[in-house]
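Working notes for the structure below.
What follows draws every value from the coordinates through simple rules; no lab data is involved. What you are looking at is a predicted structure, and each value in this text was computed from that prediction instead of being measured. Counting neighbours? That spans all protein chains shown, and the Cβs are built from the backbone with ideal geometry, glycine included.
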């Protein structure tokens, strides 16, 4: 079994979540080959049996490269188990009005088995001047709010869903 964990990240926080998910999948499915790639890589999803797709969320939306990846590969992804994740809410108790609208649409278009929203990380040193201005306007808190046990648990749930497929394949 081959699993692709594809992600779109601006400053590496979403990549770290993707790598943690891949690590958990490798632990839970030792016979599986699990690859992590940025969505900007010209990826052929054909060889993969399952796909986990994630994006950083800025101003309530997925990054354009992740949306483009989903659209470009929709035909093939419809025939594979697919999970989505978003990385972005910030703070100890972030205000979460809803899931990112475009992620909800993509989940429906790809018949995704699930969509998980993980808290993100915001480091002032990673930001350019324009990004700092936006952060100031929306009063986003700086810090690392990622919940690693939640990421690991979600990875275990994905692996458990893939176990019957691994034995059938």
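How much length, in nm to one decimal, is gained on full extension between residue 11 and residue 79, taken as 0.36 nm per residue of separation minus their Cα-Cα distance? Write out the running numbers ahead of the final one.
Details: separation 68, 0.36 × 68 = 24.48 nm, distance 3.14 nm.
Extending this stretch completely gives an extra 21.3 nm.
Taking label positions 7 Å along the Cα-Cβ direction at both residue 72 and residue 148, the computed distance is 3.2 nm, reported to one decimal. Each label point was placed 7 Å from the Cα along the Cα-to-Cβ direction; for residue 105 and residue 49 their separation is 3.3 nm. When each of 69, 145, 85 is scored by the number of other beta-carbon atoms lying within 10 Å, the sequence from fewest to most is 145, 85, 69.
For a quick check: sort 44, 49, 144 by the number of other beta carbons within 10 angstrom, fewest at the front. Walk me through the numbers on the way to the answer.
Details: 44 10, 49 16, 144 13.
Starting with the residue having the fewest Cβ neighbours, the order is 44, 144, 49.
With neighbour counts taken as other beta-carbon atoms within 10 Å, the residues 87, 55 rank, fewest first, as 87, 55. The modelled label-to-label distance for the pair residue 37/residue 157, using points 7 Å beyond Cα in the direction of Cβ, is 2.7 nm.
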